[in-house]
Amino acid sequence: MDHTATERATVSTFGGRRGLIVVVIDPFRPFFERRGAAVLDGGLATELEERGLALDDPLWSARALVDAPELVASVHRDYLEAGADVITTATYQATIPGLIARGLLEDDARRVLLSGITLARRERDAFSDRRDPRDGRPRPLVAASIGSYGAFLADGSEYQGVYGMDSKALAAWHRPRLRALEDGGAELLAFETIPSFAEAEAVAALLGERDGVPAWISFQARDARHLADGARVEDAALVAARCPRIVAVGVNCVAPALVTPLLARLAGVTPKPLIVYPNRGDVWNPSTRSWIEQGISVAFDRLAREWRDAGARVIGGCCRTTPADIRAIASALE
């Protein structure tokens, strides 16, 4: 985050470890002040596919960091031009074990993982340098995407959340990647498509182990009340609300129709900013590793205002959303 944004940010204090006070700077505050909400980017993997990259691979969008980094850069640029205040890295499915399984040595796997941050920061910096400072737009942020354990499995488990692992085992699995990304230059950490209560506990525990950059957590929900594993959305949100480093809580890659009722449940248990970035309402087929179109028409401009009125403060899109959708959201929120 740039110096100006830091000065304008809101500082919140929470009860820290051993009775200390943990101070967390809200990186979204300048964007809230400008138009009442921050705008996220949209789908990355599906946009890469639209541009000709085959992603039938356990690494999914992370494959592009190895094979087509400049294509990732072009997607970042288009989302920034469309009005995104935050761009997320192509690291959702990039893990050190997954990259090693693809044939990389451990040092090379770590380098590829961190290249996602370097690439996104490069495009953000270039965009900031060429824009007109008189437009009043705060400098966009770079968030390191961290997918669930289910994303690593690459079998659709992030839409089920049944791993047969407790929170301690999940924390041990997430820890190496989290520590690498924490030290790799990201301004935010984005824990995305978290489908289980145990994994929510693991994320909160890991973030509580040390101070560092702020994070958000967004859940995968199977309906308007429950996470993918059947736990109540409110229970997972309460776990997140108690973690000082988590600065926003919400849902992603859910159908647009579920967003407003889920916002009502989240707002009832946490005062933290709410984040939503749904897909287009299509259905993921893990067998074919493809989306089954449902023929749903989504008016993101109208929905963005509805979600902001319902309490959402960070709004964007997930799978199968496009730069045009993000442009519609950004314009609607102006």
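The values are calculated or read from the model by the stated rules, or taken from the named source; none is laboratory data. If you're wondering where the values come from, they're calculated on a predicted model, not measured in any experiment. Neighbour counts are summed over all protein chains in view; Cβ atoms, including those assigned to glycine, are modelled from backbone coordinates with ideal geometry. Accessible surface areas use protein heavy atoms only, side chains included; no ligands, DNA or RNA. Shrake-Rupley method; radii C 1.70, N 1.55, O 1.52, S 1.80 Å.
In a residue-by-residue description of the range 38-49, the property of being surrounded by 14 or more Cβ atoms within 10 Å (Cβ to Cβ), at pLDDT below 80 and in a strand (DSSP E or B) applies to no position. Inside the range 187-214, residues that are of a type in the set (D, E, K, R), over 28 Å from Arg122 (Cα atoms) and open to solvent by 10 Å² or more (accessible area, probe 1.4 Å) make up a count of 2. Being closer than 29 Å to Phe300 by Cβ and either out of contact with any helix residue (DSSP H, G or I) (no Cβ under 9 Å at 6 or more places or on another chain) or among the small types (Gly, Ala, Ser) (or both) holds for only one residue in Ala94, Ala101, Ala109, and it is Ala94.
Taking the criterion of being among the β-branched types (Val, Ile, Thr) and open to solvent by 50 Å² or more (accessible area, probe 1.4 Å), the only residue of the range 94-105 that qualifies is Ile100. Arg242 fulfils the conditions (1) under 17 Å from the mean Cα position of the chain (by Cα); (2) more than 17 Å from Ala144 (Cα to Cα); (3) open to solvent by 20 Å² or more (accessible area, probe 1.4 Å) except for a single criterion, (1).
Quick one: in the range 106-125, which of the residues that are within 17 Å of the chain's Cα centre (by Cα), open to solvent by less than 10 Å² (accessible area, probe 1.4 Å) and among the aliphatic types (A, V, I, L, M) is farthest from Pro138 (Cα to Cα)? For the range 106-125, the residue satisfying everything is Leu113. Of all the numbered requirements in (1) in contact with a helix residue (DSSP H, G or I) (Cβ under 9 Å, 6 or more places away or on another chain); (2) open to solvent by 20 Å² or more (accessible area, probe 1.4 Å), Asp132 misses one, and that requirement is (1).
Among residues belonging to the range 161-176 that are surrounded by 19 or more Cβ atoms within 10 Å (Cβ to Cβ) and either in contact with a Lys or Arg (Cβ under 9 Å, 6 or more places away or on another chain) or modelled with pLDDT of 95 or more (or both), point out the one that is nearest to Ser61 (Cα to Cα).
His174
For the range 215-230, the tally of residues that are in a loop (DSSP other than H, G, I, E, B) and open to solvent by 20 Å² or more (accessible area, probe 1.4 Å) stands at 6. Condition first: surrounded by fewer than 17 Cβ atoms within 10 Å (Cβ to Cβ), at pLDDT 95 or above and under 19 Å from the mean Cα position of the chain (by Cα). Can you find one or more residues in the range 82-93 that meet it? Within the range 82-93, not a single residue is surrounded by fewer than 17 Cβ atoms within 10 Å (Cβ to Cβ), at pLDDT 95 or above and under 19 Å from the mean Cα position of the chain (by Cα). Quick one: would you say Tyr79 is open to solvent by less than 40 Å² (accessible area, probe 1.4 Å), in contact with a strand residue (DSSP E or B) (Cβ under 7 Å, 6 or more places away or on another chain), of a type in the set (Phe, Trp, Tyr) and within 19 Å of Arg327 (Cβ to Cβ)? It is true that Tyr79 is open to solvent by less than 40 Å² (accessible area, probe 1.4 Å), in contact with a strand residue (DSSP E or B) (Cβ under 7 Å, 6 or more places away or on another chain), of a type in the set (Phe, Trp, Tyr) and within 19 Å of Arg327 (Cβ to Cβ).
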